[in-house]
Amino acid sequence: MIWTIARHELGQLRRDGRLRIVFWLGLIMLTALALLSWQTYRRDAHERAHFESAAREQWENQGHKHPHRAAHFGFYLTKPELPLSLFDSGIKPATGRVLWLEAHQRSVFAYSPVEDSGATGILGVTNGAEVLQLLGALLIILAAYGSVARERESGTLRLLLSQGLSPGRWFAGKCLGLGLALAWVAAPIALGLGLLCWRADPAGFGADTAMRAAGLLAVHGVYFSTWLAGTMAVSAWARTSRGALAVLLGVWVAGGIIAPRLASSLASLLAPLPSVAEFAAAQAHDFTHGFDDEPGWNTRLAELEKTTLERYQVDTLAELPVGFSGLRMQMMGEFDGRISDRHQRRLEAIYERQNRWHWLTALLGPYVPMRSLSGSLSGMDWMHYQHFAEAAEQYRRGVVKSLDQLLERELRGDKWEISVGHEVWSQAPAFSYTMPSWGWALGHAVVPLALVTGWLGLAMVLAWRGIGRISP
Amino acid sequence: MAGDREDFAVRPAGFLSLARWEVRRLTAERMGVMLIVLWSGLLAIAAYQGWDAAHTQHSQIAKARSTDAENWSKKRTLLIEINAGLREPEPFADPRSPTQSVMGRGGEGPVVLTPTPLAALSGGSGDLAPPVLPTGMITKLIGPAQSIENPANRLAGPLDLAFVVSALLPLFVLALSFDVLARERDADIWPLLASQPTPAGRIMAARLAVHFVVLWLPLVVAAGGATAASAAADASFAALATEVGLWSILAALYLIFWQLLAAVLNFQQRSAASNAILLAGAWLASVLLIPSLVGAVVQTVAPPPDRRDFLLEVRQVETELFERADELREAYYAAHPEQRPAAELSEYDAYYVGNLYPRILAADDALAPTLNRLNKERTAQDKWWRRLSWLSPTLAFRLSTEQLAGVTPSQRSMLVERAKTFQREMRAAYGFHVASMTPLTAEDYDRRPSPPTIELPLSTRLRRAFPGLIGVVTASLILGLWLGKARRHAREGVSS
C-alpha cells in the first residue's frame, strides 16, 4: 500500500509544471556555477603553484642585503585547497588569497576577492553549495507543501480515510514518494559534482578527500531530509495549502535569506571588534609599556644590555664578541610574538562570541549551520584557514629567528650593517603544510552538526505528531 | 424627485473610500498586521546597523585626526625644549631628525574619505574600506587595507537598508499584493465585481496605493532616521533631505516596479496561488539567478585583476631597485647636489637616506604601468557590471544605491589617489631635509601640509548612479505598458 501511494505521488510530481521550471532553473544555475568553479579551481591551482615557486625564487634571488631587511621583504604563501572547494568555496571570497610573512608582524591573509569584486552578489550566494542548499530546499517546499493540505482541501483525504486507509501509512507513502523523487534528482547532481571534483584534481582526490566528500553527501542528505520532514509536517498541520506555503516560504526566507545577514549584523553590533587602528595601537601600547606586570621594551632592552655585558665580562657593547643587534632582534621577535599571540587570542575570543550570534540565528532555519558544516567539510571554513595561518606563523618565526641568529653569529659588538646573499636565503627551509584530516574537520564542526541534526529531530517530531492531525 | 432617484443609483466608489476598505482589511487580518510589524522590525534593525557603522566611521576619523594633531604638537614642543636645552631626545625619537620624525610612520597624516550621508544605508566593504588612510613620505599606497573583520561576517554582508529593500521588499510586495484582484477571482465574485460601475483598475490602484504607503513610509522614516542620526555635526538639513529624498525616490521606483508586476499578473486569468508562484519566480530570477549569472559573465569577460601576479611584479621591481640603490642615490644627488649630506651619517640614517628614500622615489615611476593596468582591469569590470545591471531591476537598484552611497571600489580608489597627492606634498615639504639630513626646526613643523579630506559630491555620485536608475525606470515603464495591455485583455475577457 505504501509503495502504491509513493508511486502515485511520484506521478503527480512528474506532471507538476511549476516544479519542472524551478528544477531546470536551479539545475542550469548549479551547472553554470559548477563549471565556472571548475574552471576557476583549475586556473587557481595552476596560478597558486606558479605564484609560490616564483615567490620562493624571488626570495632566493633577492640579492645581497641585510638579513633583517630580507625578513621584511618576506615570504608569500597561499592556502592549499581540496578539489571539494570547487563545490563549496566557504569563506574564500571574503578571506585573503595570500599570506604575507614578514618580520615583527603576525601573518594575515590579504587580497580577498571581495576587494576587487566590484558589485557583490545581492544574496551573497557565491558557490554551488549555497545554490544547492537554497534552491534545493525551495524545490522541496514547492513539491511537498500541498502534499497533505491540498488533499484535505479537495476532499480526497476524506475519501481515502473513509476506505479504511491508515493515516500513518498514507503519510509514509507520501514521504517515500517525495523522498524517492528527491533522490532521483539528487543522485545525478551528487555524481556529477563528485566527478567534477575528481576530474579537477585526480591526484588531490585521496582517501581523506573521499571521506570528506562522503561526509558532505551525508550531511546534505540530513539537511534535505530535514526540509522534507518539516514541509510534510507543516502540510499536515496547516488547514489550507495556501497557509502551508506561506509558513514554509516564510521559514525559507527567514532562515536562508535573512538569517545570514541578521547574524552578521547582530554579531557586529553585540560583539564589536576593535578597528584596525585600535588593534594596532593596543599592541604598540603593550610593546612600549609592557603587560601583565611585565616591563615594556626600553626596560627589557636595558636589562638585555646589562646581562649581556655581564655574561661576556666586558664594559661596553662595542667590545662584545657577538653581534648585539642579533640578540636584540631575537628578543624583539620573541616579545612581538607574545604580544601578537595575546591580542590574537582576544580577537579570536570576539570571533567566538560573534559566532555564537550566528548559531542563534540557526533558530530561524537549518541553512546557517548547514552552510558552515559544508564549508568545514570542504576545508574552506575559518578553522581550516586558521590552522594554515598558525602553521605559517610558526614557520615565519622560525625563519626570522634564524636570520636574527645569523646577526648574532656574524657581527661583533654593536654593529648593525652586514650583507649576505643567495647562500643564506636558499638555506631557509621550504614551507610544508599538511591539511588536517576529515575527522579533525568534523570535530571542529560539532555545533553546526548538532544544530542541523537538531532541526532534523524537530522536523521529524512535528511530522510524527502531524500524522495524528491527519483528518478530513 | 430626480435627486432622490440619484441617491439610490449605484455610483462608482471613490479612490479614498476603496483605500480605506483596504486599510481595514489589512489591519483586520493577522497576516497583514504581522507583515507590517515584520517589515518595520527589519527596517529598524537595518537603520540601527547603518547608524552604528556610520557612527563608527565618523569616530575613527575624529580619533585619527585628534591623535595626529596631538602627536605633531608633542613633537614640536619636544623639539623646542630640546633646542632650549631643557630635555634630551630619546633614542630613535629625536624630533629634529628628519628620518626619525617626518619620514617614517611618525610623519604619517590621516587622509580622510568622508562617508557620504547615504553610507549609513549601504554597508559597503567593512574594514576593507577604512575611511582613513595614514599617509606619509614613504608609506606604501599599493598594499591591501589591513583587515581584522570576522570573515564569516564579511561573507554574509550586513543587514543594511540597501539589502532590505533590494532583496526583501519584493517579498513583502508579493505577500501583500499577490492576490490584489485574484482573491475575488478565487472567491468566484469577479463577475459581480466586474458588473459594478467601479472599474477594476481603480480598485487595484487603491489597494496597491495602500500597500505602497504601508511599505514606503516606514522605509523613508528608517532611511531618514539612520541618515540624520549618523550625519556629521556640520551637515546641513537641506543636503541631507536631498540625499534621502533621492534615495527614497529610487526605492519608490523599485517598489512600483514590483507592484506593477503584481498588477499585471493579477489582471491575467490566474489564481492567487499561481500569481504567488510566478512572483516568487520573478524574485528568484531578479535577486538570485540573474545577479549570479551576471557575476559569472563579468568574471569571464572582465576577470578581476590578478593580485598574485601584481605582487610578483611589485617584488621584482623592488628587488631590481634594491640592487640599483647606489646608482639611484648617486643619480639623485647628481640632480640635487645641494642636498648631499655635509656630515657622515650614522648606520641607521645612511640606510634610510642613502638607500631607502631614493629607491622609494624610483619605485613610484617603476610601478606606474602595473598600477595603471590594475586600475584599467578594475574599471573594465565595473563597466561590465553597470552594462549588465539592466538585466535585473534588483541589480540595477543595488548598483545605483551603492554608487549614490559612494561605497563602490572605484569610488573608494579616490582615497588612494588623493593620498598619493598628499605624499607628493609631504615629499616636497620635507624631501630636502631628509636627503640632506638638515635638522628640522619649529618653523618646519608649522609648514606641514595638512592631510586632505575628500568629499564625494552628490552630483558626481548621481551621474554614476544614473544608468542603474534609468534601468529601474525603464523596467517599470515596460511593465506599465504591459499592464495597460493586460487591463484591456481582462476587460474584454469579462465582457465576452
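Laboratory data are not the source of any read-out in this text; all were calculated from the coordinates shown. Keep in mind it's a predicted model, so treat the numbers as computed, not measured. With ideal geometry, Cβ positions are generated from the backbone for all residues, glycine too; neighbour counts draw on all protein chains shown.
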- Task: Largest first and in whole Å, give the semi-axes of segment A:410-466's equivalent ellipsoid, each being the square root of 5 times a Cα gyration tensor eigenvalue.
- Result: 61, 14, 7
- Modelled FRET efficiency - R0 56 Å, residue A:60 with residue A:4, Cβ distances, 0.05 increments: 0.15
- Message: Loop by DSSP (not H, G, I, E, B), at most 14 other beta-carbon atoms within 10 Å: where is the longest site-free stretch of chain B for GluC sites (Glu not before Pro)?
- Response: B:30-343
- Task: Rounding to the nearest 20 debye, state how big the charge dipole of the protein assembly as shown is about its Cα centre with +1 on each Lys and Arg Cβ and -1 on each Asp and Glu Cβ.
- Result: 5120 debye
- Message: Using only alpha-carbon positions, what ratio does the radius of gyration of the protein assembly as shown give when scaled by 2.2 N^0.38 Å?
- Response: 1.10
- What average number of partner chain Cβ atoms lie no more than 10 Å from the Cβ of the residues making up A:104-110? 2
- Query: Which of the pairs A:306/A:415; A:306/B:140; A:65/B:376; A:401/B:140 have their Cα atoms more than 29 Å apart in this structure?
  - Reply: A:306/B:140; A:65/B:376
- Message: 7 Å from Cα along Cα→Cβ at both residue B:271 and residue B:213: what's the point-to-point distance in nm?
- Response: 3.3 nm
- Task: Counting other beta carbons within 10 Å of each Cβ, put B:180, B:407, B:23, B:264 in order, fewest first.
- Result: B:23, B:264, B:407, B:180
- Work through the residues other than residue B:60 whose Cβ is under 12 Å from its Cβ and net out their charges, Lys, Arg +1 and Asp, Glu -1. 0
- Where q = 0.20 Å⁻¹, what log10 of I(q)/I(0) comes from the Debye formula for segment B:363-496, counting one point per Cα? -1.15
- Among segment B:125-152, those whose backbone N falls under 17 Å of a label point 7 Å along Cα→Cβ from residue A:291 are B:148
- Under Stokes-Einstein, with the Kirkwood radius over Cα pairs standing in for Rh, what whole-number D in µm²/s applies to chain A at 4 °C and 1.567 mPa s? 50 µm²/s
- Dipole magnitude of chain A about its Cα centre, charges +1 at Lys/Arg Cβ and -1 at Asp/Glu Cβ only, in debye to the nearest 20? 3080 debye
- Note on the structure: Over the protein assembly as shown, the sum of -39500 (n - 2.57) across DSSP H runs of at least four, divided by residue number and rounded to 500 deg cm²/dmol, gives at 222 nm -23000 deg cm²/dmol
- Task: For segment A:290-426, would you read off the P(r) tail past 19 Å as a percentage of all alpha carbon pairs?
- Result: 67 percent
- Two-site FRET efficiency, residue A:42 against residue A:195, from Cβ-Cβ distance with R₀ of 22 Å, rounded to 0.05: 0.95
- Over chain A, relative contact order from alpha-carbon pairs under 8 Å, at least 6 apart, %: 27 percent
- Cα shape, segment B:146-301, gyration tensor, a/c 1.5 rule: oblate
- Task: Please figure out what share of the DSSP beta bridges in the protein assembly as shown is antiparallel and state it in percent, rounded to the nearest 5.
- Result: 80 percent
- Task: Would you mind computing, in nm to one decimal, how far apart the modelled labels at residue B:229 and residue B:67 are, each placed 7 Å from Cα along Cα→Cβ?
- Result: 2.7 nm
- Task: Tell me the label-point distance for the pair residue A:437, residue A:464, using the 7 Å Cα-to-Cβ offset, in nm and rounded to one decimal.
- Result: 3.4 nm
- Message: Two decimals, Cα atoms only, Kirkwood Rh: what is Rg/Rh over segment B:194-239?
- Response: 1.37
- Normalise the Debye intensity by I(0) for chain B, one equal point scatterer per Cα, no solvent, then take log10 at q = 0.11, 0.14 Å⁻¹ and round to two decimals. -0.98, -1.33
- Query: Say R0 is 56 Å: what FRET efficiency, to the nearest 0.05, do residue A:423 and residue B:432 get from their beta-carbon distance?
  - Reply: 0.90
- Message: Run the reach check for residue A:174 against aspartates and glutamates, Cα to Cα strictly under 20 Å, same-chain hits fewer than 8 apart removed. What comes back?
- Response: A:9, A:16, A:151, A:153
- Task: Just tell me how shielded A:88-96 is by partners: mean number of partner chain Cβ atoms within 10 Å of each residue's Cβ, no decimals.
- Result: 4
- chain B: relative contact order as a whole-number percent, Cα under 8 Å and 6+ apart: 25 percent
